[in-house]
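The values are calculated or read from the model by the stated rules, or taken from the named source; none is laboratory data. These numbers come from a predicted model, not from an experiment. Positions of Cβ are generated from backbone atoms using ideal geometry, with glycine treated the same way; all protein chains shown enter the neighbour counts.
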Amino acid sequence: MATAKKDIPLKGRFVVDPEASKHENGPASRFRFVEEDFKRDDAGKLVRDDDGYPVVDNAVFHDAVVWYPELGARINDTFNKGDAFLATADLRFTNYEDKDGNNRTGHEFVIKSIGADVASGKVAITRGPKAPMEQAATPAPEPAVAPAR
């Protein structure tokens with residue numbers, strides 16, 4: 001696998017629930033997402049359907065993997081199909097053989113950071129308890145000693 005481009009900003013929507021990897025040495029999580037471009041009128045305003053939703057002009061589907069176990073677990077526990085997100089990822093290409101024996105090239109995004117897209121809806125954040133701060137033991141200042149003459 002070769003990394004083609006690093007630190008690509010992504011804005012997408014989950015098309016499946018993210019799932020934990022089934023391979024011990026594989027990525028921590030995998031999911032499929034869509035990037036959507038919305039239709040605009042001549043004045044640059046979004047075109048909306050009868051229900052008020054923006055009309056999708058173009059949709060591109062991608063695969064994503066997460067190699068960091070902690071991040072993968074948080075993604076699996078936090079996001080669901082349909083959730084919008086913002087992320088930073090590396091783009092990697094791979095060569096493989098399909099079930100008919102044809103050589104194929106594919107791509108996937110390796111997610112490095114991700115968060116909910118608050119522009120797409122209301123987001124609730126649940127914070128865990130704060131870790132207790134350890135009080136640093138500060139030594140008492142030493143008394144000043146007059147230099148010997």
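The table below lists the values:
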read-out: Residues satisfying the stated conditions in segment 79-123, i.e. touching a Leu at 6+ places or on another chain (Cβ under 7 Å) and at positive phi; value: none
read-out: Matching residues in segment 72-91 - criterion: being touching a Gly at 6+ places or on another chain (Cβ under 9 Å) and assigned to a strand (DSSP E or B); value: Ala84, Phe85, Leu86, Ala87
read-out: Tally, over segment 87-105, of residues that are among the β-branched types (Val, Ile, Thr) and surrounded by 10 or more Cβ atoms within 10 Å (Cβ to Cβ); value: 2
read-out: Some residue of segment 116-131 being surrounded by 12 or more Cβ atoms within 10 Å (Cβ to Cβ) and modelled with pLDDT of 90 or more; value: yes
read-out: Residues being outside any strand (DSSP E or B) and either farther than 13 Å from Pro18 by Cα or hydroxyl-bearing (Ser, Thr, Tyr) (or both) - total across segment 28-66; value: 13
read-out: Among the residues listed as Ile114, Ile125, the single one being outside any loop (DSSP other than H, G, I, E, B) and of a type in the set (Val, Ile, Thr); value: Ile114
read-out: Check on Val16, β-branched (Val, Ile, Thr), at pLDDT 90 or above and part of a strand (DSSP E or B); value: no
read-out: Residue match in segment 56-63 (condition: under 20 Å from Ala119 (Cβ atoms) and of a type in the set (Phe, Trp, Tyr)); value: no
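Every residue, every condition in (1) closer than 22 Å to Lys122 by Cα; (2) in contact (Cβ under 8 Å) with a residue 24 or more places away in the chain; (3) surrounded by fewer than 11 Cβ atoms within 10 Å (Cβ to Cβ), yes or no:
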{"position": "Phe14", "(1), (2), (3)": "yes, yes, no"}
{"position": "Glu19", "(1), (2), (3)": "no, yes, no"}
{"position": "Phe33", "(1), (2), (3)": "yes, yes, no"}
{"position": "Lys45", "(1), (2), (3)": "no, no, yes"}
{"position": "Pro69", "(1), (2), (3)": "no, yes, no"}
{"position": "Ile75", "(1), (2), (3)": "yes, yes, no"}
{"position": "Phe85", "(1), (2), (3)": "yes, yes, no"}
